[in-house]
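This report refers to the structure that appears directly beneath it.
Just so it is clear, none of the values below were taken in a lab; they were calculated from the coordinates. Since the model is a prediction, treat every value here as computed from it, not as a measurement. With ideal geometry, Cβ positions are generated from the backbone for all residues, glycine too; neighbour counts draw on all protein chains shown.
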Amino acid sequence: MNIPRTPAILLIVWAVFVCGIVDSAWAQKKPPKKKLPSQQFKGFGLPEGVKTLPEEIPDVSSVSIQAREYVRDAAAKIDYLVGTQLAKAGLHPNAMADDYTLVRRIFLDTVGSIPTLGQTIAFANQSGSEKTEVLIDELLSSYGYVSHMYNYWAAILRVVDRPDNNILGYPYRDWLKEQLCENRPYDKWVYEMLTAEGKIWENPAVGYTLRDTGMELVHVDNTVRVFLGTQIGCAQCHDHPFDKWTQQEFYELAAFTHSTITRDNNNSPAFANGNPINRLREELKKGDEKNTLTGSKQRVALANLFRVSDDSRRKLKLPHDFKYGTPNQLVKAKVLWGEIPEAAKDLLPRYQFAAWLTSPENELFAKTLANRLWKKVMGVGLIEPVDDLREDSPCQNSELLEFLTAELIRLEFNQKEFLRMLMYTKTYQRKSSDFDPSAAEFFYFPGPRLRRMTAEQLWDSILAISIYNPYAVSIPGPEIFKNNVELDMAMVTTQQLEQAAAKFDAELSPSAINKQLNTVAYRRQMLVRASELPSPLPADHFIRQFGQCDRETIEGDSLDPTVPQVLTMFNGPFTHMILEKGSVIHDSLLRARTPKEALDIMFLSVLNRPPSNRDEDVGLHEIRRGDVAMGYGNVLWALLNTREFIFVR
């Protein structure tokens with residue numbers, strides 16, 4: 001099913017109506033002294049840094065061309081299993097999607113933005129049976145894939161720049177992107193996150209544990225939910241009312257990670273000369289009573305004390321109000337199911353836990369990822385919700401999920417090759433179907449589910465229409481932190497602290513990073529990909545308005561429509577931005593020789609399809625009825641505000 005198309009003329013009429021009301025209300029308050037000299041857009045000017053293609057983009061691991069034939073066979077097996085269930089339900093698969101629909105969908109699902117005018121035309125004009133596979137392979141091997149998949153995992157892992165006011169999380173963000181650039185096996189980087197030790201700029205993978213600093217039991221619940229698709233949080237306080245997990249079992253699992261600490265204490269080298277914070281505070285006062293350990297000095301000092309390590313003396317006890325046995329009793333670590341892998345049995349408890357969780361023998365680890373990635377590509381999980389898998393969870397196609405799980409293990413948790421396999425399927429390449437995921441019945445996948453773009457996809461797609469370089473500024477990586485803020489807290493002097501604080505203010509503080517981002521800002525909108533923006537963003541930012549959450553909950557993003565979203569699209573700066581001299585679409589329209597050619601460019605750039613006969617009649621009428629530049633602006637504004645634009649068709 002295709003999303004209903006909103007005729008451009010209806011939106012233009014609505015805009016005129018709204019503007020008429022505003023103009024009328026304004027006239028009652030303060031009539032203009034004279035008529036405006038021109039209605040033509042004057043422009044605010046795009047930043048120079050976004051008007052040329054990027055000079056350098058990180059290298060990305062490529063897919064295996066030699067494996068293409070095997071990927072086809074696996075995709076055919078998936079199509080067979082989907083088709084079998086469709087036939088049992090008395091349903092038929094959808095027709096295959098046309099080239100324009102398909103190229104748009106593939107771009108959105110691999111690199112997180114719509115294709116450019118040139119990319120759309122090139123795919124549509126290309127012949128050959130392998131062109132879809134070639135496009136999928138190229139995009140999966142591009143940095144756009146890294147940017148898009150980072151957004152996907154950042155929502156699941158609740159990635160923020162400062163999980164605690166004094167923890168500087170930027171190196172963790174950079175590390176996650178590196179894992180995706182290298183296409184490192186999923187089980188390997190998850191294991192590293194669960195076992196990493198040190199400061200965040202020494203070992204950025206500790207960012208995962210630091211995300212829940214001070215909340216050890218919540219951290220266990222989050223970890224099991226994210227990586228095993230199982231919710232055991234209720235068992236923290238009492239036996240689970242809707243599942244089999246007991247409070248005893250929750251504490252036995254939590255005992256594996258309870259010795260992990262996230263901040264230096266009296267037994268750490270940083271405290272060799274006493275509490276460094278108290279010492280620095282006293283020394284600052286000696287020089288000047290008004291010189292206190294506040295602001296950046298305090299932030300840098302405390303940041304150096306956040307270090308993930310193990311304290312074997314910490315033992316977990318059952319809670320004092322435990323109702324199912326003896327309260328306050330020491331807990332012996334025990335996994336929820338299966339066994340600790342033999343090679344890990346003599347390691348620290350946290351390493352045992354990580355080895356058990358990521359083991360290929362732990363079927364839920366692979367099944368959870370397979371179900372998550374299936375939903376990412378097809379729009380609905382085979383089991384829903386994807387983070388609440390139970391023994392009695394209804395599965396739309398058990399045989400298919402078993403096959404996908406086995407394939408993921410065979411691929412040694414290679415996410416990119418797994419996504420490639422899903423996108424090679426005819427199931428993915430068919431026309432989409434509308435489906436309410438809250439419905440009681442199953443979705444049988446006659447094609448992928450029609451769904452709205454995520455907030456990040458929408459933002460990045462608008463940038464694709466507007467600018468050439470969405471990577472002009474990036475968040476600082478680990479080396480910058482190590483060189484600017486690392487201190488030996490046992491020996492640090494107040495002078496060294498003040499110097500580090502000054503460097504932090506100049507290069508790494510939120511205001512310093514915003515200053516860098518503002519070099520590519522347009523009317524206060526920082527024109528970089530969503531993956532490069534601060535996290536969380538302010539509540540009034542475009543991406544937040546379109547559903548990105550504050551990253552306090554796992555996958556807390558929303559696709560629900562709201563009035564602020566409509567007003568942002570109607571009145572935001574984006575119509576102005578795409579009309580600016582030097583914008584991608586502005587440059588494309590300059591090459592148009594006729595209004596008809598200009599209309600084709602606008603439709604192919606925004607909706608990634610040529611205009612229909614009806615679209616052509618309405619669009620050309622609008623362009624020709626007055627000021628041509630104004631007509632172009634009206635048509636572009638209308639296309640951006642169609643439902644068709646914001647959906648993954």
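Take the Kirkwood radius over Cα pairs of segment 514-574, plug it into Stokes-Einstein at 20 °C and 1.002 mPa s, and you get 170 µm²/s for translational diffusion.
Over segment 418-546, the alpha carbon radius of gyration divided by the compact-protein estimate 2.2 N^0.38 Å works out to 1.58.
What the phi angles of segment 139-154 give under the Karplus curve with 6.51, -1.76 and 1.60, with θ = phi - 60°, is a coupling list of 6, 5, 9, 9, 5, x, 4, 4, 4, 5, 5, 4, 4, 4, 6, 5 Hz, glycine and proline written as x.
Approximating the spin labels as points 7 Å out from Cα along Cα→Cβ, the residue 399-to-residue 587 distance works out to 5.2 nm. In segment 354-378, whose amide N lies under 14 Å from the spot 7 Å out along Cα-to-Cβ of residue 324? List them in ranges. No residue passes the distance filter. When all alpha carbon pairs of segment 508-649 are counted in 10 Å bins from zero, the resulting P(r) reads 10, 34, 32, 18, 6, 0 %.
Relative to one another, the C-alpha centroids of segment 617-649 and segment 484-532 are positioned 42 Å apart.
Within straight-line reach of residue 317, meaning a Cα separation under 17 Å, sit the following lysines at least 8 residues removed in sequence or on another chain: 332, 334. Between the Cα long axis of helix 363-378 and the first principal axis of the chain there is an angle of about 20°, rounded to the nearest 10. Proximity of backbone amide H atoms, modeled 1.01 Å from N, is registered between residue 522 and 527 at under 5 Å, excluding neighbours fewer than 5 places apart on the same chain. Along the axis of the charge dipole computed for the chain (Cβ charges of +1 for Lys and Arg, -1 for Asp and Glu, origin at the Cα centre), the listed residues 645, 373, 522 are led at the positive end by 522. Listed from fewest to most Cβ neighbours within 10 Å, the set 441, 138 follows the order 441, 138. With contacts taken as Cα pairs under 8 Å and at least 6 residues apart, the chain reaches a relative contact order of 24 percent. Size of the chain: Rg and Dmax of its alpha carbons, in Å, are 27.5, 85. Remark: the residue 52-residue 552 segment gains 176.4 nm on full extension, using 0.36 nm per residue and subtracting the alpha carbon distance. With unit charges on the beta carbons (Lys and Arg positive, Asp and Glu negative) and the dipole taken about the Cα centre of the chain, which residue among 322, 386, 364 sits farthest to the positive side? Farthest along the dipole direction, towards plus: 386.
About its Cα centre, the chain has a charge dipole of approximately 2080 debye under the convention of +1 per Lys or Arg Cβ and -1 per Asp or Glu Cβ, with nothing else charged. Full extension of the chain between residue 563 and residue 294 gives 92.7 nm of extra length, using 0.36 nm per residue less the Cα-Cα distance.
Relative contact order, whole percent, for segment 368-436 stands at 28, derived from Cα pairs under 8 Å and 6 or more residues apart.
When the P(r) is computed for segment 197-351, the part past 27 Å accounts for 38% of the Cα-Cα pairs.
Kirkwood Rh, segment 322-397, all Cα pairs: how many Å? One over the average 1/r among Cα pairs gives 14.9 Å for segment 322-397. Output needed: percent of Cα pairs per 10 Å distance bin for segment 188-250, bins running from 0 to the one holding the longest distance. Result returned by the calculation: 22, 44, 25, 9, 0.
Using the rule -39500 (n - 2.57) for each DSSP H run of four or more residues, divided by the residues of the chain, the 222 nm mean residue ellipticity is -14500 deg cm²/dmol. With Rh defined as the Kirkwood radius, the inverse of the mean 1/r over Cα pairs, the Rg/Rh of segment 595-649 is 0.95. Our coupling estimate for segment 197-202, obtained by passing each phi through the Karplus curve with A = 6.51, B = -1.76, C = 1.60 and θ = phi - 60°, is 10, x, 7, 5, 8, 7 Hz, Gly and Pro reported as x. Determine, at each q value in 0.17, 0.23, 0.26 (inverse angstroms), the log₁₀ of I(q)/I(0) that the Debye formula gives when each Cα of segment 458-517 is one equal point scatterer. Log10 of I(q)/I(0), two decimals: -0.68, -0.94, -1.06. Here the label points at residue 73 and residue 125, each 7 Å from Cα along the C-beta direction, are separated by 3.8 nm in the simple model.
Each Cα pair of segment 125-178 feeds into the Kirkwood radius, which the Stokes-Einstein equation turns, at 20 °C and 1.002 mPa s, into a diffusion coefficient of 160 µm²/s. The stretch between residue 343 and residue 244 holds 32.7 nm of extra length on full extension. This uses 0.36 nm per residue minus the Cα-Cα distance. Within segment 312-460, the proportion of Cα pairs with more than 17 Å between them is 71 percent. Over all distinct Cα-Cα pairs of segment 72-169, the Kirkwood formula returns a hydrodynamic radius of 16.5 Å. Using θ = phi - 60° in the Karplus curve 6.51 cos²θ - 1.76 cosθ + 1.60, the 3J(HN,Hα) couplings for segment 383-396 round to 10, 10, x, 6, 10, 9, 7, 10, 4, 9, 5, x, 10, 5 Hz; x is entered for Gly and Pro. Charge dipole (Cα centre; +1 on Lys/Arg Cβ, -1 on Asp/Glu Cβ; no other charges) of segment 514-649 amounts to roughly 400 debye. Taking a straight line from the alpha carbon of residue 503, these lysines sit under 27 Å away, with near neighbours fewer than eight places off in the same chain left out: 177, 199, 285, 286, 290, 297, 482, 515. Residue exposure proxy: 331, 485, 50, ordered by other Cβ atoms within 10 angstrom of their Cβ from fewest to most, comes out as 331, 485, 50.
Here, P(r) means the percent of Cα pairs in each 5 Å bin from 0 to the largest distance; for segment 88-247 it is 1, 8, 13, 15, 12, 11, 11, 10, 9, 6, 3, 1, 0. Neighbour counts of C-beta atoms inside 10 Å place 130, 252, 402 in the sequence 130, 402, 252, starting with the fewest. Do you know the relative contact order of segment 572-649, to the nearest whole percent, from alpha carbon pairs under 8 angstrom that are 6+ apart? It comes to 24 percent, rounded to a whole number. Residues whose amide H lies under 5 Å from that of residue 310, counting only those 5 or more places away or on a different chain, are 261; hydrogens are built 1.01 Å from N in the peptide plane. Within the same chain, aspartates and glutamates fewer than 8 places from residue 367 are excluded, and of the rest, those with a Cα less than 17 Å from its Cα are 187, 384, 387, 388, 391, 392, 399, 402, 407, 412, 417.
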